[in-house]
Amino acid sequence: MPLLPGILLVFAGLFLAAWTEDFARVGAVGLSIIGLLAALSFLVDFLGSLLGAKRAGASPLALVGATIGALVGLFFGIAGLILGPFVGAVAGEYIARRKLDQAGKVGLGTWLGLLFAAVAKVVIAFLMIATFFAFYILGK
């Protein structure tokens, strides 16, 4: 479900698991580290597309277009999540500079940034789970 952020669900599940044992094994320190990793995930998600677009020489309008495309894409499932930022960045760049080749380059840069951010978010999710189990096994 695209409207439910995965990292928040991972955090909620880990928090619930700690709560079921009255935070005896995974306490405030462990959950704080897991929470910081979750916050880092949101930062990575935001910066991924921004840095990808900037690296490709995007105009400010292309960045706005990528953001709008990502928001609109939420309503079209997986295809919208994949294509929305790309189409938005291409449209914004084309409106700003009227060069189709540059617009395509910016769209591709934005999409690659999103791809790298998605991979980083998966790694962070596994780090959250590993942190939980490390605290669970070692206790507090």
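The values are calculated or read from the model by the stated rules, or taken from the named source; none is laboratory data. Note that the coordinates shown come from a computational prediction; the quantities given were computed from them, not determined experimentally. Note that each Cβ is placed from the backbone with ideal geometry, even for glycine, and that neighbours are counted across all protein chains shown. With ligands, DNA and RNA removed, areas are computed over all heavy atoms of the protein, side chains included. Shrake-Rupley method; radii C 1.70, N 1.55, O 1.52, S 1.80 Å.
In region 43-99, which chymotrypsin sites (Phe, Trp or Tyr not before Pro) are in a loop and have at most 16 other Cβ atoms within 10 Å, using DSSP for the loop call?
Of the chymotrypsin sites (Phe, Trp or Tyr not before Pro), not one in the loops of region 43-99 has a Cβ with at most 16 other Cβ atoms within 10 Å.
How high is the relative contact order of the chain, in percent, with contacts defined as C-alpha pairs under 8 Å that are six or more residues apart?
34 percent
Whole number in Å², please: accessible area per residue of region 1-65, 1.4 Å probe, ligands, DNA and RNA not counted.
For region 1-65, the per-residue accessible area is 59 Å².
Compute a Gaussian network model of the chain, connecting alpha carbons closer than 10 Å, and tell me which residue from Ala79, Ala120, Ala39 fluctuates the most.
Ala79
Go through Ala12, Val106, Val64 and say which Cα lies farthest out towards the positive end of the charge dipole of the chain; charges sit on Cβ, +1 for Lys and Arg, -1 for Asp and Glu.
Of the candidates, Val106 comes out farthest on the positive side.
Any chance you could check the Cα centroid distance between region 70-133 and region 1-51 for me, in angstrom?
Centre-to-centre distance over Cα atoms comes out at 21 Å.
Classify region 42-119 as rounded, prolate or oblate, taking a ≥ b ≥ c as the square roots of the eigenvalues of its Cα gyration tensor: rounded when a/c is under 1.5, otherwise prolate if a/b is larger than b/c and oblate if not. Could the numbers behind the result be given before it?
Values: a/c = 1.88, a/b = 1.31, b/c = 1.44.
Taking the square roots of the gyration eigenvalues as a ≥ b ≥ c, region 42-119 is oblate.
Efficiency by 1/(1 + (r/R0)^6): what FRET value for Leu100 and Leu9, r their Cβ-Cβ distance, R0 = 35 Å, to the nearest 0.05? If you can, show how the numbers build up before the last one.
On the way: r = 40 Å, r/R0 = 1.13.
Using R0 = 35 Å, I get an efficiency of 0.35.
Once you sort the root eigenvalues of the Cα gyration tensor of region 2-48 as a ≥ b ≥ c, which label holds: rounded (a/c under 1.5), prolate (a/b larger than b/c) or oblate (the other case)? Intermediate results must be reported in sequence, preceding the final value.
Working: a/c = 5.59, a/b = 1.80, b/c = 3.10.
Cα axes put region 2-48 in the oblate bin.
Springs between alpha-carbon pairs under 10 angstrom, Gaussian network model over the chain: which of Leu100, Leu50, Leu81 fluctuates most?
Of Leu100, Leu50, Leu81, the Gaussian network model singles out Leu100 as fluctuating most.
Over the chain, how many pairs of lysines fall under 26 Å by alpha carbon, counting only those 8 or more apart in sequence or from different chains?
Pairs that pass both the separation and distance tests number 5.
Roughly to the nearest percent, how much of the accessible area of the chain is carbon and sulfur, given a 1.4 Å probe?
78 percent
Top mean-square fluctuation among Ala24, Ala118, Ala89, Gaussian network model of the chain, C-alpha springs under 10 Å?
Residue with maximal mean-square fluctuation among Ala24, Ala118, Ala89: Ala24.
Among [x] 1.05; [y] 1.09; [z] 1.14, which is the computed Rg/Rh (Cα atoms, Kirkwood Rh)?
After the calculation, the listed value that fits is [z].
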